Every structure is written in C-alpha cells, then in structure tokens.
Amino acid sequence: MKKILIVSLIGLFLPVAAQADALGIRIGANAWQQNFSGHARSGDTDDRIDVEDDLGFDDENDFQGYISFEHAVPMLPNVLVQRTVIDADANGNLNGKVFDGVVFPGDVESTIDLTHTDTTLYYEILDNWVSLDLGITGRFFENGLEIKDENESASLDIESVIPLGYVAVKFDLPLTGLFVGADGNIIKYDDNWIYDAKATVGWESSIGLGIEGGYRYFDAQYDENDDEVKLRIEGPYAGLFFHF
C-alpha cells in the first residue's frame, strides 16, 4: 500500500482590492452528475488500469455544498468553504493486471474517493453588475483509489493539502434576477495538475432565494515515481442557494 503525502504551504500576497459594501452570507447545495474517465498505475509495472473499461465506473450522482462570507473590512479577505463528495464504487475485471504490486487475475471491486474540502480566501476586484473575485484555495483530499478481490487488496491513498489559484466572474442581468458566471481552481507543476471549473446560469429572487445550474469539469493528473493517476470527472449540476 502506497501513500502519497503532499503538504504545501503558501502565503497570501494579493493586493488590497475592492470589498463588499456590507455583510453577506451565501449558502448553497448542488447535485452533480459525475461521469468518470481516465486511468491509474501503481508500482513497478507498465499496466495502466482504465477506470471505465477495466474497473467499470459509470455515471454517479453526488453532492456539493458551500457557504461564503463577505464583509466590508479593508485588507481582510472574504471566505468561501466548499465540500465536494466524489465517492463511487464499481465492479470490473483486471484479467491479470498488476496494481500496487498485487496481481488481480479476475473480478474486482473498486472505490474512487476524491471527496475534498476547499477553504478559499479571496478579494472582490469588481463588485457591480459585473463581479470579479481572485484568491487562493487550500484543498484537502481525504482518500484515494482502492481495488480488491476475494483475496487481495491494493490502494493508492491521497492525503494532501494542495494550494490552488481561484478566480470567479459573474454577470448580473439588471432588473431580472438572472445571472451567468464561471469559477475555477487551478494548479500545474511539472507533470502534475488540477483543473477544476464550473459554468453557471441562475436566478435569484428579491428575498435572496435562488436556483442555479451548469456544468462542472474536473481534470487531475499525478505522476511521480512509480505512481500515475489521470482522472477526469465532468457533468451537469443543479441546486438551490440562499443569499442574505
């Protein structure tokens, strides 16, 4: 069993930016239809295990929740906390492929768990009918990939705090409550990266209750030593929020 441990520390060095005019809290929850693709390799082997063809992963429905807090205090960043559940099980057949030093001759059960919690500190650069936020996110991954059959099990664990850049843009259509926007997190170094972005369309009522929906695209690659994971998860999402 191998463990990837990445602990990255990064300081904030964003300039003073525009802040919200008043206190504001936004709470929301979305259902996300996740489609899995990609592959994994672990150990001294050339065997690449495809998450669809070998492991049998298909569409999965999971959850994302978030809360943001904005204020009017100069110099201090606003705060956004998000929780995304990516936890899927599947049945497949490896036909003698090797993962983490274990030979799997036939049928296997597997779990992909990339559930993560984001804490984002950001500044509002623009705050009118067009809003622009810039900041930095600390993303905590908890688990990873596990494969097992009746006799053996192997896993690639991810326990990491990863810093990512954060950007969000939103366009309000005046007098309608309608808006469109996009937001994302990104980091890339050497042959490793995370690209995680959403495109959104929504509507907010005069009392702050709203609906939103769109498409989320998550693409990650880890390639170090004898371990390689390339995973893409994408699909539509929809949910409710309250802004007060």
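Here are some notes:
- Full extension of the chain between Val180 and Leu23 yields a length gain of 54.3 nm, computed as 0.36 nm times the residue separation minus the alpha carbon distance.
- Using the Cβ-Cβ distance between Asn128 and Thr45 with R0 = 41 Å, the FRET efficiency computed as 1/(1 + (r/R0)^6) comes to roughly 0.15.
- The simple Förster model, with R0 at 35 Å and r as the Cβ-Cβ distance, assigns Asp107 and Asp226 a FRET efficiency of 0.90.
- Shape of the range 28-243, Cα gyration tensor, a/c cut at 1.5: prolate
- Using only side-chain charges placed at the Cβ, +1 for Lys and Arg and -1 for Asp and Glu, the dipole size of the range 132-233 relative to its Cα centre rounds to 860 debye.
Laboratory data are not the source of any read-out in this text; all were calculated from the coordinates shown. No experiment lies behind these values; they were computed from the predicted model shown. Cβ: placed from backbone, ideal geometry, glycine included. Neighbour counts: every protein chain shown.
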